Amino acid sequence: MKKINLITLLLLLSFSALATLNVSNTAIPGGIVVVDFYTNHANPKAFYSNVPVYLQRKKDTHWQALVGIPLLVKTGGKQLIIKDFSERKIAFNVIPHGYKEQHITLTGKNKKYVNPNLAHMDRITRERPILAVARNTFSTQVFNNSSFIRPVSGVITSPFGFKRFYNGQARRPHTGIDYAGKTGTPIKATAAGKVIISDEFFFNGNAVFIDHGQGLISVYIHMNERLVNPGQIIKQGDVIGTIGQTGRATGPHLHFGIYLNKTVINPNILIKDTPKL
Ligand code: ZN
């Protein structure tokens, strides 16, 4: 009897070890669309715009696809391709969302970040593919995450998705959340994962990228110090660096971003205890 209980307990433990993310469907640009489907296949795959998508098994034959929607997407009808024993399409809809405008003035030495000179352009061109490869990582490694946490406790000074203008010139919308904080404030890993980048870049300054598996990547930018190395496995809440003002930053803060199927999405959708938009 005792032996059976022990086996049952071990089974339960191994089952509970396979945590899944609890994500609410947010079918807007910069959101995550949650697509439920059912299959007997042990290892289904799903694709959105030909890019593999994050999949999780909720229970038995019930699976869920978490689809990152680009900020600059054309809203309307979209399709997810499921590949199991055959191939099928699941339709979903993306609705518009009005993101606000933000105007930023860069002066003095920070002006180089508006119109970088040739030497800087060289460096930017060198760094661009390195960052793209990291953002586009799709690993099959499994990490035990059920929700993400805030990397720092500071107030949000610039939310996700703001349409940005630097000295009046339109630039990409804001691809993350900016948290205020003093230089040297510890930054925590939002979830368990593997460090894929810990390096210094022109725009990003000191940056750390963490792979959470299946195309889910978190990025931490403008750090003062980096305290982790590429290849390192980390737990949720581990300190990975400190807040700083390196790269294109007008003051000390943490820029925190999340990528899903090569698409930047609103981190607040994954973070518990925080407003969703
Ligand atoms: Zn930012």
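The values are calculated or read from the model by the stated rules, or taken from the named source; none is laboratory data. Source: prediction; values computed, not measured. Glycine gets a Cβ as well: all are built from the backbone with ideal geometry, and neighbour counts include every protein chain shown.
In the stretch 113-129, the condition of being among the β-branched types (Val, Ile, Thr) and assigned to a helix (DSSP H, G or I) is met by at least one residue. Of (1) surrounded by fewer than 22 Cβ atoms within 10 Å (Cβ to Cβ); (2) more than 22 Å from residue 70 (Cβ to Cβ); (3) more than 12 Å from the ligand (Cβ to nearest atom), residue 163 satisfies all except one. Which? Result: residue 163 passes all but (2).
It is to be established whether one or more residues within the stretch 139-151 are within 16 Å of the ligand (Cβ to nearest atom) and within 26 Å of residue 54 (Cα to Cα).
Yes, the stretch 139-151 has at least one match.
Only one of the numbered conditions (1) assigned by TED's automatic domain parsing to the domain that holds residue 40; (2) of a type in the set (Val, Ile, Thr); (3) loosely packed, with under 11 Cβ neighbours inside 10 Å is not met by residue 90, and that is (3). Taking the numbered list (1) in contact with a Pro (Cβ under 6 Å, 6 or more places away or on another chain); (2) over 21 Å from residue 130 (Cβ atoms); (3) away from the ligand (no atom under 11 Å from the Cβ) in turn, residue 198 passes all entries but (2). Any chance the stretch 206-213 includes a residue that's within 13 Å of the ligand (Cβ to nearest atom), surrounded by 19 or more Cβ atoms within 10 Å (Cβ to Cβ) and acidic (Asp, Glu)? Checking the stretch 206-213: not a single residue is within 13 Å of the ligand (Cβ to nearest atom), surrounded by 19 or more Cβ atoms within 10 Å (Cβ to Cβ) and acidic (Asp, Glu). Scanning for something within 15 Å of the ligand (Cβ to nearest atom), under 11 Å from residue 176 (Cβ atoms) and out of contact with any Leu (no Cβ under 7 Å at 6 or more places or on another chain), does the stretch 231-247 turn up at least one residue? No, that holds for no residue. Just so you know, in the stretch 166-180 the residues that are among the aliphatic types (A, V, I, L, M) and modelled with pLDDT of 90 or more include one that is nearest to the ligand (Cβ to nearest atom), and it is 177.
When you scan the stretch 194-215, do you find a residue that is polar (S, T, N, Q), in contact (Cβ under 8 Å) with a residue 60 or more places away in the chain and out of contact with any helix residue (DSSP H, G or I) (no Cβ under 9 Å at 6 or more places or on another chain), even just one? For the stretch 194-215, residues polar (S, T, N, Q), in contact (Cβ under 8 Å) with a residue 60 or more places away in the chain and out of contact with any helix residue (DSSP H, G or I) (no Cβ under 9 Å at 6 or more places or on another chain): present.
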